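A short worksheet on the structure shown next.
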Amino acid sequence: MRAPAVVLVTFAVLAGCTTAKPDPVTLTVLASSELADLGPVLADLRRDTGVELKLDPRGTVRASEELAAGVDHDLAWPATNRYLRLTGADVPLSTSIMVSPLVLGVKVGKADALRDASWADVASRAAAGELRFGMADPRVSGSGMAALIGVATAAAGTGAALRAEDVTCDKLQGFLTGRVFGASGAAEVGEEYVKRQDEVDAVVAYESTVLSLNASGQLREPLRVVYPRDGIVLSDYPLMLLKPDKRAAYDRVVDWLRTPAAQRSIMERTHRRPVDPQVERGAALREPIGTGLYFPGTREVVDTLLAAYDRAGRPGRVVFVLDHSTSMAGARIAGLREAFATLSRAGGFDRFRVGETVVLVRFAGTVMEERSVVVRGGADLEALAVALETAELADDGTAIWSALDHAYRVVGDGTVVLMTDGENNAGMSADEFLAAWPRPSARTYAIRFGEADPVELDRVARATGGRVVDAGSGSLLEAVKEIRGCR
Amino acid sequence: MVAKSSTEEPALTILDPPRPVFRRKRFVLPFGVSAGIALAGVVALLASGTVALPFRGVTIVRAMMASKVEFFSDVEVRRILMANGIQVHLTDSGGSTEIAKERADPTSFDFVMPSGQLTARQIHDRVGGTPFYPFTTPLVIAAFSDYARALAHAGVAEPQPDGDGLYYTLDMTAFVGLTLEGKTWKGIEGGGLTNENQVIAQSPDPCRAYSGAAYLAVVAFAANGRRAPTEAEAAAVATRIKPLFEVEGQFGAGIGRTFFGPDGRTFAPLGVMYEHQYLAYQIRTKERTGEVDRDRVLLYPDAHHHAEPWLIAFSEAGEKVGRLLQENQDLQRRALELGFRLGRAGSASVGTVLAERGIPVGNPGQGDTEAHVAKPAALTTMIGELGDCPSGVPL
């Protein structure tokens, strides 16, 4: 009896035994800064595989630039390799480990208004001062850049990846009006939110950051995750091998990280979505996340977005020069009033925004009224919405050049938008105007209805870098939207 | 001082000798149970061949591949290989063309397995090795069912007669036409979709993934009046189909895994993959839940390409794996269960495996599939125009 037992035990032990534990290895990793939250997972990794990952934290956009220039790390673990690919660098061996979408974490009390929101809804609320948020600096952080790309792609509305020519006009300013504070990375924006939670309504960050904030016990009001329904940017955290001679250890790490147990542990500790579909998800991570966004294919697009980001918060000024001669009666004046109501109350990416100064110059044979509204909040927007409702028309001619002359005197460093349906038959002549303003500096757009003759207008507009937009074929609102944000 | 004396004799009770430890009831029962379990385990291990391993020695075989890691990381495949004394250590290249690169150093592996013949031929021409041809799989487009129905509504896709809603034939020329006219999913009349993105099948980068390169070839065929562009035509055809690839902007990674996850729709509602990836998923789903997933369907492009992943061996151990894949019945059976078609290697069919499980069988189309793909020189020109190839155009 005893002998067979010994044999059995020996067999069982031998059958169960695996290859000897490999030697301990330490790998340096240039990693996205929010991955600090993987600490306990990496401790388990080290225990099970003998591989220690030493994370060197960096924002993903910054890390991608460093990677393109060349670094001395063994591995890299950014939130995405898309920015690295935009630099034109050849992407090294990469394996996606986990996923988190870029979202808005909105205070529960404010979230109902944003249920099923699109990026345009978000931008519109931000422009009106109704949604104030923190977001990470897009120069450094992948989450910040993802937000800009989401907003800009939705604003371009082409249904395709953003191209450089789609971002010639800046449609980001409405959204960026809501940005109260920045931070150097996805994790830092969460920390900053905890400190400043009473000042703002939301945080723009990864889903994992928002869920982790909710679980941290540090919030006075919990956040609800809002997935912009028309453009989700996913981060898939690829682990990349930079030093080919570390491949054996790299493979060990990847194998381990993709085991169901590790995937579950990542999900439970960091609220990122497992890439392994077999791993059952917690309730919060089962939410369907909507339509994915086509990601831009050129570096140029990103540079344009960063330039727009740098302009954020500058006090914009726009002078509308509005023809109120009697020929505007009927559908034209109604269209004009409707356009102002829309831009004040709901205009999505093109809405009048907090911080902007809107000057209305009404004219017929002479300038009849100049009214300036500095937008500070809802009351000012409402004033703009109804500003033209009772404005009367006059039948003393159409003094286009005199009105434009007036606008140039008050425009400062802003933009002029002229709307007219007639030919100049009062006040200054085109020649007089051009003599007075040989080199007009204010970017000028003209929106033309019906019979207005655009030849000279076009000349002036082009000289300033602007152009004439024809509202004859479409709606006035569309024409205004076409040039909003162009400067 | 009086000592109390005792007159009693010590009474010694004679006890029965103790039962040997291993005959005690407290022992026999638990031991019997555990020994039984151990014995059953050993029998099972013997049957699978695993128990002999410590005595026979296992050869660790190092291999590099892209989507075919799905085959070699399958538990059953690993078990069969282990029973034959082989453990495969995988490096996922992320895309087949990576394997062809010098920096990947393919000959440092026991074998490599690029996903298709074009890349395979290139590797073989450059560094040699012994090729094996264990299976093939058609290039397909996987879709969520509402998107496929919208395409059918637009007359671009047609449900296959016996496909039970799982399989469609895609009119590639009409499909390419939709993208070239800038149609959005929402814009398909009566399609009922809300997605405002333009109609495309998301494809991996033709510079990195074999499926990306093969899909580009299929699109070029469709856009060139159903004729593979010649070298002279390649640049012009590339210009014509460029808008199709610009819609997606930066190419995504392959969707062979992500499409089947809970976030599949966000990764791609319609995307390029291999038939085996889809069939393996449906076989697995049916086994697990008793039903196939009717929300994920397959579009067979009417311009088709059957990818043939070559196993190129660079060592004796690598060759052994190649031979096993081509000859071992268990591995062939498992390959079918993982959705592959047996190319030059065997006669059993994936259709049988599907039918046995009550899963409808799709029809990838007949005909000379090589004719649908431009010759390497022409394809290289087109990839160079359309792809994003920082380290040069593959092929």
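The values are calculated or read from the model by the stated rules, or taken from the named source; none is laboratory data. Just so it is clear, the structure is predicted and the values come from calculations on it, not from any experiment. Every residue, glycine among them, receives a Cβ derived from its backbone with ideal geometry; neighbour counts consider all protein chains shown. The accessibility values were calculated without ligands, DNA or RNA, using every heavy atom of the protein model including side chains. Shrake-Rupley method; radii C 1.70, N 1.55, O 1.52, S 1.80 Å.
Summary of computed values
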{"quantity": "P(r) weight above 53 Å for the protein assembly as shown, C-alpha pairs, percent", "calculated": "27"}
{"quantity": "Relative contact order (percent, whole number), chain A, Cα cutoff 8 Å, 6+ residue spacing", "calculated": "15"}
{"quantity": "Förster-model FRET efficiency, 45 Å R0, B:Leu180 and A:Asp255, C-beta, rounded to 0.05", "calculated": "0.55"}
{"quantity": "Protein-protein interface of segment B:73-89, residues with accessible area decrease of at least 20 Å², isolated chain reference, 1.4 Å probe", "calculated": "B:His89"}
{"quantity": "Heavy-atom accessible surface that A and B bury in contact, both chains counted, 1.4 Å, Å² to 100", "calculated": "3900"}
{"quantity": "Packing-based ranking, highest mean first, of B:101-107, A:103-109, A:390-396 given that Cβ atoms within 10 Å are counted", "calculated": "A:103-109, B:101-107, A:390-396"}
{"quantity": "Percent antiparallel among DSSP beta bridges (both partners in chain A, rounded to 5)", "calculated": "40"}
{"quantity": "Segments B:69-82, A:79-92, A:197-210, A:160-173 sorted - mean Cβ within 10 Å per residue, highest first", "calculated": "A:197-210, A:79-92, A:160-173, B:69-82"}
{"quantity": "Peptide B:187-194 - average C-beta neighbours from other chains (10 Å radius)", "calculated": "1"}
{"quantity": "Within straight-line cross-link reach of A:Lys54, lysines at Cα separation under 30 Å, skipping those fewer than 8 residues along the same chain", "calculated": "A:Lys21, A:Lys195, A:Lys243, A:Lys246, B:Lys101"}
{"quantity": "Euclidean distance between Cα centres, segment A:319-396 to segment A:112-157, Å", "calculated": "27"}
{"quantity": "Buried on assembly, segment A:83-115 (at least 50 Å² less accessible surface than by itself, 1.4 Å probe)", "calculated": "A:Arg85, A:Asp90, A:Leu93"}
{"quantity": "In segment A:362-471, the trypsin sites (Lys or Arg not before Pro) that fall in loop regions by DSSP, at most 16 other Cβ within 10 Å", "calculated": "A:Arg376"}
{"quantity": "Sum of -39500 (n - 2.57) over DSSP H runs of 4+, divided by residues of chain A (222 nm, nearest 500)", "calculated": "-11500 deg cm²/dmol"}
{"quantity": "Between segment B:79-147 and segment A:198-236, the Cα center-to-center distance that results, in Å", "calculated": "41"}
{"quantity": "Antiparallel bridge percentage (DSSP; both residues within the protein assembly as shown; nearest 5)", "calculated": "45"}
{"quantity": "Accessible area (Å², per residue) of the protein assembly as shown, counting only protein heavy atoms and a probe of 1.4 Å", "calculated": "41"}
{"quantity": "Cross-link reach list, aspartates and glutamates versus B:Lys183, counting only Cα pairs under 12 Å and skipping chain neighbours closer than eight places", "calculated": "B:Glu196"}
{"quantity": "Value of [θ]222 nm, deg cm²/dmol, for chain B, DSSP H segments ≥ 4, -39500 (n - 2.57) each, nearest 500", "calculated": "-12000 deg cm²/dmol"}
{"quantity": "Solvent-accessible area, 1.4 Å probe, carbon plus sulfur percent, for the protein assembly as shown", "calculated": "51"}
{"quantity": "Bridge type composition, segment A:315-483 - antiparallel percent by DSSP, nearest 5", "calculated": "25"}
{"quantity": "Pairs of alpha carbons in chain A whose separation is greater than 28 Å (percent)", "calculated": "59"}
{"quantity": "In sequence order, calculated HN-Hα J values of segment A:281-294 (Karplus, 6.51, -1.76, 1.60; Hz; x Gly/Pro)", "calculated": "8, x, 4, 5, 9, 8, 3, x, 10, x, 6, x, 9, 6"}
{"quantity": "Residue-level accessible surface for A:Lys195, protein heavy atoms, 1.4 Å, Å²", "calculated": "150"}
{"quantity": "Relative contact order (%) - criterion: Cα under 8 Å, at least six apart; region: chain B", "calculated": "23"}
{"quantity": "Shielding by other protein chains, A:248-255, mean Cβ within 10 Å", "calculated": "2"}
{"quantity": "Other protein chain Cβ atoms within 10 Å, averaged over every residue that makes up B:92-98", "calculated": "4"}
{"quantity": "Sequence ranges A:267-276, A:306-315, A:137-146, A:124-133, ranked by mean other-Cβ count within 10 angstrom, highest first", "calculated": "A:137-146, A:124-133, A:267-276, A:306-315"}
